[in-house]
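Derivation of every value follows stated rules applied to the coordinates shown; laboratory data play no part. Nothing here was measured: the structure is a model prediction, and the numbers come from that model. Because the Cβ atoms are built from the backbone with ideal geometry, glycine has one as well, and the counts that use them run over all protein chains shown.
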Amino acid sequence: MSEASSNQKKIEDMPIFASENLENAVISFHIPALNIRGRFIRLGAVMTEIIEQHGYPLPVSKLLGNASLLGGLLGTSLKFTGRFTIQLQGDGPISLMVSDFQTPGGIRACAKFSDIDENEALEQTQLIGGGQLVFTIDQGQHMNRYQGVVPLEGDNLASAAEGYFHQSEQLPTSIHLETLEQNLGNTSQWVGGGLILQHLPAAGEAIIKDLPSGKEEEDSDAEEDDGWVTAKTLAATIKPDELTDPNVNPITVLYRLFNEFDLELSEPVPMSRFCQCSEEKCLSLLKQFSNEELSDMLKDGKIDMTCEFCSKSFFFGLNEEGAYSL
């Protein structure tokens, strides 16, 4: 039996392969021989829900999809209950984009932008312009928040995120993201997929060799670990349709990429769209304004509060007791 057919048999024999949750899930994996850890995300119905509730122009929707994928890839690495937030801030057509992940697998996202020409070919980071990529980890009440900020560089969100790990963590990282709109006759759906690889050096080794002060410089001649070079070279062969095709099992994709090595898989983490907006939170926010300010917000006798993440609207008016209510 050939190595390929033997490998395929091992895949199909795994209970995780038959999981019904792989369409909207993150799968973590480990390649011991290469000292590599990684995660693969596939979003189908969840991606459609996130994007279609906004009605953004196509370039904004695709970047929003990739930001959601990145949030899922990075957020599922948290070992505690909390939130992981990605912010893209810049002076381009998209002034702000936020991807918010809540453990164990909740995703939401939104954007603020000015006029965008859908026919103009702009790289993803050109849509944001000169700005920053911000990662925030919130471990909840009574715990300090961690925030990392780097300049927004590179042609796309994946390369910008790789730059974050390069500058802030000195952690070799390879990221691939793809969001597509698929036409299905009279309807359409969105689907996205992503892959992240990170190098885990052997105990006692520096993550990047032969560098002064443990930091990499642009002109450094440091040699990369052979395992890392192999892993990222194999990952670079992944095709967009392998990331996004709902008919191709994510585990099959991983074994296609790394069939020469033993692959350790964790149980998939299901993904879902979430939002935290509520009548109570809106009323709490209204209480922070003066009566004069509240009067200025009135339109046709009501205050309209719309959630930027899920686009749900709450309309508040004065009741008989002189308080605002739905």
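Among Asp296, Asp138, the ranking by other beta carbons within 10 Å of each residue's beta carbon, starting with the fewest, stands as Asp296, Asp138. Each residue in Tyr56, Tyr164, Tyr255, Tyr146 was given a count of other beta-carbon atoms within 10 angstrom of its own, and listing them fewest first yields Tyr146, Tyr56, Tyr255, Tyr164. The local environment of Trp190, defined by Cβ-Cβ distances under 14 Å, has a net charge of -3 under the rule Lys, Arg +1 and Asp, Glu -1.
Packing, taken as the mean count of other beta carbons within 10 Å per residue, orders the peptides 41-53, 96-108 from highest to lowest as 41-53, 96-108.
Put the Cα centre of the stretch 255-279 next to the Cα centre of the stretch 120-175 and the gap is 21 Å.
Order of 231-240, 58-67 by packing, highest average Cβ count within 10 Å first?
Working: 231-240: 15.5, 58-67: 22.9.
Those peptides, ordered most packed to least, come out 58-67, 231-240.
Seen from Gly131, the other residues with C-beta closer than 11 Å to its C-beta sum to a net charge of -2, counting Lys and Arg as +1 and Asp and Glu as -1.
Taking 32 Å as the cut-off for C-alpha to C-alpha distance, list the pairs among Lys62/Lys299; Lys239/Lys312; Lys287/Lys312; Lys79/Lys239; Lys62/Lys281; Lys112/Lys287 that go past it.
Working: Lys62/Lys299 34 Å; Lys239/Lys312 36 Å; Lys287/Lys312 20 Å; Lys79/Lys239 30 Å; Lys62/Lys281 30 Å; Lys112/Lys287 25 Å.
As for pairs spanning more than 32 Å Cα to Cα, those are Lys62/Lys299; Lys239/Lys312.
Taking the Cβ of Asp155 as the center, what net charge do the other residues with Cβ under 15 Å away carry, scoring Lys and Arg +1 and Asp and Glu -1?
Details: positive: Lys62; negative: Glu123, Glu153, Glu162, Glu178.
Within the 15 Å Cβ shell, the charges total -3.
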